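**Q** Take a look at this one; I'll ask things after.
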């Protein structure tokens, strides 16, 4: 497995082998195994907070890769002449976040309500050089995949987030703070996040919602007992790479957050969580239906092409 990312291409039964992909699903926080964390953390020369792997598990997108794969397969089943590609990042966001710009003023992350691209425990120049190299190599892979897409292709940025919004400072004491926040008698007091959320609005009130996708996505989720929210927890902000992707392909880019307890059984904050295959299929199939209907004129009543 690559230290940077893994890729998967799924083609429909009637899709040409050499045709460019019609759907790209990027999982920028796809490093979810402890091995992903230790493979890079063990190379760091600087001192990391004790038990930082616990924060890694609490803050990484478990179930996102599995859901992305489910989306890809469901999409080509609905659109058998089409192809989909999944890119899953293996660089742990606990050390450098591949969904952030790392060339902006750190105050931008506070303004955007997101964690920083480079966390406060990474300070040594040698460590920064190693991490920035992996970051740049990952961004190059994503750009290459985007450049190779079909002209009418769509892009999904797929994430999972923790079930609740906890107010924790990401500083050198983050592990103790996170453990306190998720204590059994404290966790239920934090606000429950939406089951599935699209991030389409920026801080100026502009909507970057992709044409035709949101309504069928909401309907598909509703049919399996799930509700879709829009920009409730997060908004699009220029400090994130998601902003760049939306600007590069307006109307054909969708950022989605899925609550982790829907795709993990159960989700636990400080260790690896088992994947809920049924939950993954339920959410992944709904996302595929939304993009296939909105971007590619899929109709469940039409004969397969």
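The values are calculated or read from the model by the stated rules, or taken from the named source; none is laboratory data. Just so we're clear, the structure is a prediction, and the values are computed from it rather than from any experiment. Positions of Cβ are backbone-derived with ideal geometry, glycine not excepted, and every protein chain shown enters the neighbour counts.
**Q** Condition first: under 17 Å from residue 112 (Cβ atoms) and either free of Cβ contacts under 8 Å to residues at least 12 places away in the same chain or surrounded by fewer than 23 Cβ atoms within 10 Å (Cβ to Cβ) (or both). Now tell me which residues in segment 243-255 satisfy that.
**A** Hits for segment 243-255 are 243, 244, 247.
**Q** Give the residues of segment 18-30 that are at pLDDT 95 or above, surrounded by fewer than 24 Cβ atoms within 10 Å (Cβ to Cβ) and more than 12 Å from residue 84 (Cα to Cα), sorted by residue number.
**A** The answer is none; no residue qualifies.
**Q** Let me ask another. Just one of (1) in a loop (DSSP other than H, G, I, E, B); (2) in contact (Cβ under 8 Å) with a residue 12 or more places away in the chain; (3) in contact with a strand residue (DSSP E or B) (Cβ under 8 Å, 6 or more places away or on another chain) trips up residue 25, so point out which.
**A** The number of the failed condition is (1).
**Q** May I pose another question? Sort through 50, 2 and tell me the only one that's more than 25 Å from residue 269 (Cα to Cα), assigned to a loop (DSSP other than H, G, I, E, B), touching a residue at least 12 places away in the same chain (Cβ under 8 Å) and out of contact with any helix residue (DSSP H, G or I) (no Cβ under 6 Å at 6 or more places or on another chain).
**A** The unique qualifying residue is 2.
**Q** Let me ask something additional. Check whether at least one residue in segment 284-295 is more than 18 Å from residue 198 (Cβ to Cβ) and touching a residue at least 24 places away in the same chain (Cβ under 8 Å), and report yes or no.
**A** no
**Q** So, in segment 149-162, exactly how many residues are in contact with a helix residue (DSSP H, G or I) (Cβ under 6 Å, 6 or more places away or on another chain) and surrounded by fewer than 19 Cβ atoms within 10 Å (Cβ to Cβ)?
**A** Number satisfying all stated conditions: 0.
Residue-wise test of (1) in contact with a helix residue (DSSP H, G or I) (Cβ under 7 Å, 6 or more places away or on another chain); (2) over 12 Å from residue 92 (Cβ atoms); (3) modelled with pLDDT under 95.
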position	(1), (2), (3)
37	yes, no, no
46	yes, yes, no
54	yes, yes, no
66	yes, yes, no
69	no, yes, no
75	yes, yes, no
78	yes, yes, no
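**Q** Please identify the pairs in which a residue from segment 262-280 that is in contact (Cβ under 8 Å) with a residue 60 or more places away in the chain has its Cβ atom under 6 Å from the Cβ atom of a residue that is in a loop (DSSP other than H, G, I, E, B) and surrounded by fewer than 16 Cβ atoms within 10 Å (Cβ to Cβ), counting only partners at least 6 apart or on another chain.
**A** The qualifying pairs are 276/265.
**Q** Still on this model: Mind checking which residues of segment 187-205 are in a loop (DSSP other than H, G, I, E, B), under 25 Å from residue 279 (Cα atoms) and touching a residue at least 60 places away in the same chain (Cβ under 8 Å)?
**A** Passing the criteria: 193, 194, 195.
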